[in-house]
Amino acid sequence: MRLLRRLAVAVLLALVGVAAGVLLWWQCVLPIDEGHLDVEGLAGELLIVRDDDGIPSIRGANRDALWFGLGFVHAQDRLWQLETHRRIGSGRLAEAFGPGALDNDTFLRTLGVRRAAAAQWQQMQGDARAAVLAYTAGINAYLSGHLRARPPEFLLLGLQPEPWTPVDSLAWGIMMAWDLGGNWSNELLRMRLARTLSVARINELLPPYPGEKPLPVRDFAAMYRDLKVDGALGQRALLDAPESGLEGVGSNNWVVAGSHTVSGKPLLANDPHLKLTAPALWYFARLEAPGFKLAGATMPGLPAVVLGQNQHIAWGFTNTGPDVQDVYLEQIDPDDPARYRTPDGWADFESFQETIRVRGQDDVTLTARATRHGPVISDAGNAATAGLIATDKAPAYALALRWTALDADGSSLEAGIGINGARSVNEFIAVAEGYKSPMQSMVVADVAGNIGFIAAGRVPLRGKDNDLHGQVPAPGWDARYDWIGYLDPRRTPREINPERGWIATANQRIHGSDYAHYLTSEWALPYRQQRIEGLLGARAKHDKQSAREIQSDVLSLAAQRLLPTLRQARPAHALGAEAMQRLVGFDGQMRAGDAAPMIFAAWTRELTRAMFADEMGGDDAYLRHVGRSDFRAALEGVLTRNDAWWCDDKSTPVVEPCALMIDRSLDRALDELQSRLGADMARWQWGRLHQARSEHRPFSRVKALAPLFELRVPTGGDNYTVNVARYPLKGDEPYLNEHAASLRAIYDLGEPKNSAVMHSSGQSGLVLAPGYRRFVEPWQATRDLRLWRDGSRKLVLRGRPAAQ
């Protein structure tokens, strides 16, 4: 008995010791936010004052001190996020996460993101270079002197933080451009479809912007047949590459002149639609130096307030989505695979040796190649020529990517930092002309009452004899398909103080039919823009509350377009009659608590698959692409035309009319919903399946850890509502909302104290900290918090000489 007591006491003491150790570790992980710290790399002192939500006000003697402070607080609060950003940009995820990340790393090494970032850093000068150096020093000052314990992700994965470098910042900037630009994937899709479809049919599946005609291109299907090109070329790259250029991933912004606001001064609103992550991509901060006050949304990894307000102006971005990527077919010399064909004969591939460390496995060595156009992306995930046509009689090809963001002078950090200090609408537009990538539709207002817009970014020019217009991979040995320069940045679309009294963009076509230059043919459908315009016109005067109501709006004009077709359905399903009754009063409001949005979403998902999967090569081929596009414009066209060719399921011997496919799709949708939600339709709610998920890298993929690290909350909306909530239409959770308003902001130029912001997680990246998920509920409810305010927790950083 005495032995048992001793054993129990020993176990209890061990548990107490473990608990004490965990508590001590956690106290060391939490950042010090009060008192004094001596830091290396800082001249003088810097004050960091945090408010109750963990938002810092950074006050220093000059701007370099502010960037130092921003790097320091990013490292304090978002160290693991910085680590993932570094590893993504460097193609080093497999080193931490294992072989599951190898394909991603291989693609990014092939793409040469870090090589491009290093070249951009070599060219960077002036204020931008100083800002990056100061920001880097701030991160490293925390790592070298004040990291008392590693955050949980480092411990669980057995990793040590590494010093930050300027190239890490520039690589992350390139990755953000990748996320927002993806014309290359549609080029490869068209090439693959050309194996079985005519150009006319491809234009129906990937139609032009409403009211426009397809670009006049040569018969590229015949061209590929003549060249004996396999349409599967490049599919490995599509599978391995990080997501990019997803439809619906854009943003909303609008600015209203004082003549249309309650305050008499401009009001500006912005909500960028990006992938939801835990923690969020955004980190709020306020920066103050003599003659300089700035606040808004920063992005860990970058020394700038990306979106925000200073003493003189406020600004907001949406993605323009220009065609700044062209894929080229590079013909490989059949006698020497180290060479490819150019207009002047055969030339050597440029090659780079890459070694990828893989957790738990041997290192992987690969040779990345480049041509005169850019990196050879078809090498990704394969040996140099795997998957390419290479027979005795047919040539072999590789695919190279030309992309503005990889240019040695392609960084936008210089312009971004310049924007932070702009003092008027005109100055903002002048500075924005230096912005390179990704091209953004920027709205701006100043305290003098001016409002403006500029589409800022580098746009390639294609020659008049280019008869492919960047729509499909072009023969790389034919000089007519080369870019002939860039559009003069003074010629991009812009507008200042329009008579209507407001400007709005939502990824729609931003110029009229009389605009002289080609930007793209792949604008987002204009439903969000039309809804915003309608709501702006519904009031004579706007204020913060009306702007918030617009950002909260979940009326889907796209749903309204298809509802008459759905209401004509005649389902045979046992739940069909009740489903049709639920749809009677449905007007397209995609509310989280209603059943009708769920029925509509499931029906459109099934109908889209039924219309297009067979023509695209079957379900597997369809599912490879449906995550990038929901093919809504194509579906609308088929239904409008009552197009029997697309409606017919070509995998069956009978000919199915459109009406049958409409009915059958509703039956299949009801089968799916019944299996997911049960037969009691009173319990069906859109928000049960349409949850906003903020993904944690990598622990959302670890079943036991996902509930702790990732963030979920029911949401309304769809891909086309102002309060956007994009779902992928595939996978185990096809209605999961993973791309939404990552940030909402409303800036009042008359009363800055009324300016308000909110992002989708919380300021902290430490999973056990209250600040990790503090913003989730108010973000879900479209509430916000004041941007300009102060706090009580004061930390003073005092510079000290670097250790010798």
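The values are calculated or read from the model by the stated rules, or taken from the named source; none is laboratory data. Because the structure is a prediction, the values reported are computed rather than measured. We place every Cβ from the backbone using ideal geometry, glycine too, and count neighbours over all the protein chains shown. What goes into the accessible areas is simple: the full protein's heavy atoms, side chains included, and nothing from ligands, DNA or RNA. Shrake-Rupley method; radii C 1.70, N 1.55, O 1.52, S 1.80 Å.
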Inset, instruction - Determine which single condition E615 fails, assuming it passes every other condition in (1) touching a residue at least 60 places away in the same chain (Cβ under 8 Å); (2) part of a loop (DSSP other than H, G, I, E, B); (3) open to solvent by 60 Å² or more (accessible area, probe 1.4 Å). - result: (3)
Inset, instruction - Could you please give the count of residues in the stretch 773-794 that are in contact with a helix residue (DSSP H, G or I) (Cβ under 9 Å, 6 or more places away or on another chain) and either outside any loop (DSSP other than H, G, I, E, B) or crowded, with 20+ Cβ neighbours inside 10 Å (or both)? - result: 4
Legend entry - helices (runs of 4 or more DSSP H) contained entirely in the stretch 497-584, each with at least 3 residues that are buried (at least 19 other Cβ atoms within 10 Å of the Cβ), among the acidic types (D, E) and touching a Gly at 6+ places or on another chain (Cβ under 6 Å): none
Inset, instruction - Just one of (1) free of Cβ contacts under 8 Å to residues at least 40 places away in the same chain; (2) crowded, with 24+ Cβ neighbours inside 10 Å; (3) not small (G, A, S) trips up K293, so point out which. - result: (2)
Inset, instruction - Give the stretch 733-754 a look and list any residue that's among the charged types (D, E, K, R) and more than 12 Å from the chain's Cα centre (by Cα), or say none. - result: E733, R744, D748, E751, K753
Legend entry - Those strands (runs of 3 or more DSSP E) lying entirely in the stretch 250-317 with at least 1 residues of a type in the set (V, I, T): 251-256, 292-298, 305-310
Inset, instruction - Could you tell me whether any residue of the stretch 132-155 is outside any loop (DSSP other than H, G, I, E, B), among the charged types (D, E, K, R) and open to solvent by 10 Å² or more (accessible area, probe 1.4 Å)? - result: no
Inset, instruction - Confirm whether L70 is at pLDDT 95 or above and closer than 30 Å to R793 by Cβ. - result: yes
Inset, instruction - Might you let me know whether the stretch 420-433 holds any residue that is open to solvent by less than 10 Å² (accessible area, probe 1.4 Å), touching a Leu at 6+ places or on another chain (Cβ under 7 Å) and of a type outside the set (D, E, K, R)? - result: yes
Inset, instruction - Count, please, the residues in the stretch 348-370 that happen to be over 15 Å from D105 (Cβ atoms) and open to solvent by 30 Å² or more (accessible area, probe 1.4 Å). - result: 3
Inset, instruction - Return the residue satisfying two criteria in turn: it lies in the stretch 240-287 and is under 17 Å from V776 (Cβ atoms) and among the aliphatic types (A, V, I, L, M), and of such residues it is modelled with the lowest pLDDT. - result: L274
Legend entry - Residue tally, condition more than 30 Å from L189 (Cβ to Cβ), in contact with a helix residue (DSSP H, G or I) (Cβ under 8 Å, 6 or more places away or on another chain) and surrounded by 24 or more Cβ atoms within 10 Å (Cβ to Cβ), over the stretch 309-345: 3
Inset, instruction - Read through the list (1) of a type in the set (D, E, K, R); (2) open to solvent by less than 40 Å² (accessible area, probe 1.4 Å); (3) at pLDDT 95 or above, then give the number of the only condition that R402 fails. - result: (2)
Legend entry - Unique match (being surrounded by fewer than 24 Cβ atoms within 10 Å (Cβ to Cβ), in contact with a strand residue (DSSP E or B) (Cβ under 8 Å, 6 or more places away or on another chain) and not in a loop (DSSP other than H, G, I, E, B)) among L468, L461: L461
Legend entry - the stretch 477-496: number of residues that are within 30 Å of V262 (Cβ to Cβ), within 27 Å of the chain's Cα centre (by Cα) and not in a loop (DSSP other than H, G, I, E, B): 2
Inset, instruction - Could you please tell me which pairs satisfy a Cβ distance under 7 Å, a separation of 6+ or placement on different chains, a first residue in the stretch 408-427 that is closer than 19 Å to F292 by Cβ and without any contact (Cβ under 8 Å) to a residue 60 or more places away in the chain, and a second residue that is among the small types (G, A, S) and not in a loop (DSSP other than H, G, I, E, B)? - result: A415/A432
Legend entry - helices (runs of 4 or more DSSP H) lying entirely in the stretch 622-736 (those with 1 or more residues that are in contact with a strand residue (DSSP E or B) (Cβ under 7 Å, 6 or more places away or on another chain) and either open to solvent by 10 Å² or more (accessible area, probe 1.4 Å) or aliphatic (A, V, I, L, M) (or both)): 686-689
Inset, instruction - Return the only residue of W178, W172 being among the aromatic types (F, W, Y) and touching a His at 6+ places or on another chain (Cβ under 7 Å). - result: W172
